[in-house]
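S.K.: Before we start, here is the structure in question, set down as structure tokens.
The values are calculated or read from the model by the stated rules, or taken from the named source; none is laboratory data. Just so it is clear, the model here is predicted, and its values are computed rather than measured. When we count neighbours, we look across all protein chains shown, and the Cβ atoms used for this are built from the backbone with ideal geometry, even at glycine. Calculation scope for accessible area: heavy atoms of the full protein, side chains included, ligands and nucleic acids excluded. Shrake-Rupley method; radii C 1.70, N 1.55, O 1.52, S 1.80 Å.
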Amino acid sequence: MNRAAITGTGIYVPPHTISNEELVAAFNAYVRDWNLRNDAGIATGALAQKQESSVDFIEKASGIKQRYVIDKDGVLDPARMYPRFRERPNEARSLMAEIAVAAGSAALRQAGRSVDDVDGVICAAANMQRAYPAMAIEIQHALGIGGFGFDMNVACSSATFALDQAVNAVRCGTVRAMLVVNPEITSAHLEWRDRDCHFIFGDVCTAAVVARADAAPAGSWEVLGTRLATRFSSSIRNNFGFMNRCEDGDPDARDKLFAQEGRKVFKEVCPLAAEHIAAHLAQHDIAPDGVRRYWLHQANLSMNQLIARRLLGRDATTDQAPVILDEFANTSSAGSIIAFHRHRADLAAGDIGVICSFGAGYSIGSVVVRRL
Ligand SMILES: CC(C)(COP(=O)(O)OP(=O)(O)OC[C@H]1O[C@@H](n2cnc3c(N)ncnc32)[C@H](O)[C@@H]1OP(=O)(O)O)[C@@H](O)C(=O)NCCC(=O)NCCS
């Protein structure tokens, strides 16, 4: 068996930010207009009046202060409230491939690898732009990588599950190196008109190169182990799919976008994630306190604080468990990879870290790494 390492990461950050203030102003304009247009139904009790959102609530409940989006105007137009993307002809590069190429190229540069050193691409994200051909194959073609590519979706855990696949492929010698990309265009699956969740998500793309540790440059991150777990739950769900047309329902119904029971998710996922990480560390004879840094999934600040407290028996500092969700919001599977990308340069050789994602499925994936 070869030893595997993460030798480089990259990120594509969209050009626009939306602050909570801008988001709430647009949402509240939509609500006032909706209530006005539906005042007759509201007066008879047939319709419930929509409630306004608040910046204060968003920051206290989630820790999110802003998010990046690929299109801002469509999201903030109270008459639209979702991004506006140009339909591209088959000959043009698709949007997901475009951002994956940007992040993937950056990861290859950081890893000091050329495309000729890589034997495959995994595109792992909570949503795919189309059914087929696989996004990964378009990305592989655009970058000029040989070998093979495939897509996979485990929602918020797509990135860690893909790292597991890439690590195993390198360990077994199926590939010399693998590029994992996570283009998360969450603005397109979010119901921006739903007060309970309109503030949650942001767009981004992350990428990581996994290669043999024996040839990895100093400062790379040897993967000591990966651990994956899933337990079925409908608490986070999106019923959009290729059979919608055949079901003769409403293609724009609320359940065809992201929906969740946020409080239930919070209560159920925190203990699962903490137990998962503790068990994974125990497999490697590492005490939770022996971990220099936790790069956790970035959905909710209190959630991360609770998980770290359960693990360590005390509050974690932001040095031990860095936060990027204030800037990026929840970027689905990319969140823990952004944290890893942004907050690792200060660690020393031999330091141990844990990348961990958790979310819809439920799914939990952890990757224990040691700096070379
Ligand atoms: C979504 C989340 C931030 C909501 O926070 P919360 O503290 O659970 O808030 P609740 O949904 O219980 O709402 C509390 C109250 O605020 C209200 N509220 C909800 N959204 C609001 C908003 N945007 N502005 C003002 N008030 C709001 C609710 O209606 C509710 O009012 P009520 O008490 O009168 O019923 C939180 O549950 C969460 O992050 N959960 C985990 C989500 C997660 O990790 N998901 C993974 C996705 S990949």
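S.K.: Pop out the Kirkwood hydrodynamic radius of the range 1-49 from its pairwise C-alpha distances, inverse of mean 1/r, in Å to one decimal. Please list the in-between numbers first.
M.R.: On the way: mean 1/r = 0.0651 Å⁻¹.
Averaging 1/r across every pair of different Cα atoms and inverting gives 15.4 Å.
S.K.: Please build a GNM for the chain, connecting alpha carbons under 10 Å apart, and tell me which residue among 356, 197, 123 fluctuates the most.
M.R.: In this elastic network of the chain, the residue with the biggest mean-square fluctuation among 356, 197, 123 is 197.
S.K.: Please identify the DSSP H helices in the chain that span no less than 27 Å along the helix axis (Cα) and have a mean Kyte-Doolittle hydropathy of 0.0 or more.
M.R.: Values: long enough: 262-283 (31 Å, 0.16).
TM-like helix candidates: 262-283.
S.K.: Then there is this: Under a Cβ-only charge scheme (Lys and Arg +1, Asp and Glu -1), can you give me the dipole magnitude of the chain about the Cα centre, in debye to the nearest 20?
M.R.: 600 debye
S.K.: To continue, here is another question. Please work out, to two decimal places, the log10 of the ratio I(q)/I(0) at q = 0.07, 0.08 Å⁻¹ from a Debye calculation in which every Cα of the chain carries one identical scatterer.
M.R.: With no solvent term, the Cα-only Debye profile gives -0.31, -0.40.
S.K.: Right, here's the next one. Using +1 at the C-beta of Lys and Arg and -1 at the C-beta of Asp and Glu, which of 220, 76, 296 has the Cα lying farthest in the positive direction of the dipole of the chain?
M.R.: It is 220.
S.K.: A further question follows. Given the range 237-372, what percent of its DSSP beta bridges are antiparallel, to the nearest 5?
M.R.: Once the DSSP bridges in the range 237-372 are tallied, antiparallel ones form about 70 percent.
S.K.: Take the alpha-carbon centre of the range 34-72, take the same for the range 184-229, and report the distance between them in whole Å.
M.R.: 28 Å
S.K.: Okay, moving on. Would you calculate the convex hull of the Cα atoms in the range 213-256 and tell me its volume per residue in Å³?
M.R.: Spread over its residues, the Cα hull of the range 213-256 gives 187 Å³ apiece.
S.K.: Give the accessible area for residue 60 in Å² (nearest 10); use a 1.4 Å probe, count only protein heavy atoms, and leave out ligands, DNA and RNA.
M.R.: It works out to around 150 Å².
S.K.: Percent of alpha carbon pairs in the range 263-372 separated by more than 21 Å? Don't skip to the answer; put the middle values down first.
M.R.: Numbers: 1630 of 5995 pairs.
Summing the P(r) of the range 263-372 above 21 Å gives 27 percent of all pairs.
S.K.: For the chain, compute the number of Lys pairs whose alpha carbons are separated by less than 21 Å, excluding pairs fewer than 8 positions apart on the same chain. Spell out each step's value before the answer.
M.R.: Numbers: 50/256; 60/264; 60/267; 256/264.
Lysine pairs satisfying the spacing and distance rule in the chain number 4.
S.K.: Out of 236, 337, 185, any idea which swings most in a Gaussian network model of the chain, alpha carbons joined below 10 Å?
M.R.: With Cα springs under 10 Å in the chain, the top fluctuation among 236, 337, 185 is at 236.
S.K.: I'd like the antiparallel share, as a percent to the nearest 5, of DSSP beta bridges with both residues in the chain.
M.R.: 75 percent
S.K.: What is the Cα coordinate range of the range 57-152 on the first, second and third principal axes, sorted by size from largest, in whole angstrom?
M.R.: 48, 33, 21
S.K.: Given a 1.4 angstrom probe, what's the average accessible area per residue across the chain, in square angstrom?
M.R.: Per residue, the chain has an accessible area of 44 Å².
S.K.: Test of understanding: in a Gaussian network model of the chain with alpha carbons linked when under 10 Å, which of 251, 78, 322 would top the mean-square fluctuation ranking?
M.R.: 251
S.K.: So how do 85, 199 rank on accessible area, 1.4 Å probe, biggest first, that is with the largest at the start?
M.R.: Details: 85 80, 199 15 Å².
If we order 85, 199 from most to least accessible, we get 85, 199.
S.K.: A further question on this structure: Dipole of the chain (Lys/Arg Cβ +1, Asp/Glu Cβ -1, origin at the Cα centre): which of 249, 24, 206 lies farthest to the positive side?
M.R.: So the residue furthest toward the plus end is 206.
S.K.: What translational diffusion coefficient, in µm²/s and rounded to a whole number, does the Stokes-Einstein relation yield for the range 199-283 at 10 °C and a viscosity of 1.306 mPa s, taking the hydrodynamic radius as the Kirkwood radius over Cα pairs? Before the final figure, lay out each step's value.
M.R.: Working: Rh = 17.4 Å.
Estimated diffusion coefficient is 91 µm²/s.
S.K.: Something else: What's the local net charge at residue 346, with K and R +1, D and E -1, over the other residues with C-beta under 14 Å away?
M.R.: Numbers: positive: 292, 293, 342, 344, 371; negative: 319, 351.
Combined, the nearby Lys, Arg, Asp and Glu give +3.
S.K.: Kindly identify the range 239-287 as rounded, prolate or oblate by the Cα gyration tensor criterion: order the square roots of the eigenvalues as a ≥ b ≥ c, call it rounded if a/c is under 1.5, otherwise compare a/b with b/c, prolate if a/b is larger, else oblate.
M.R.: Values: a/c = 6.90, a/b = 2.81, b/c = 2.45.
Prolate is the answer for the range 239-287, as a/c is 1.5 or above and a/b outweighs b/c.
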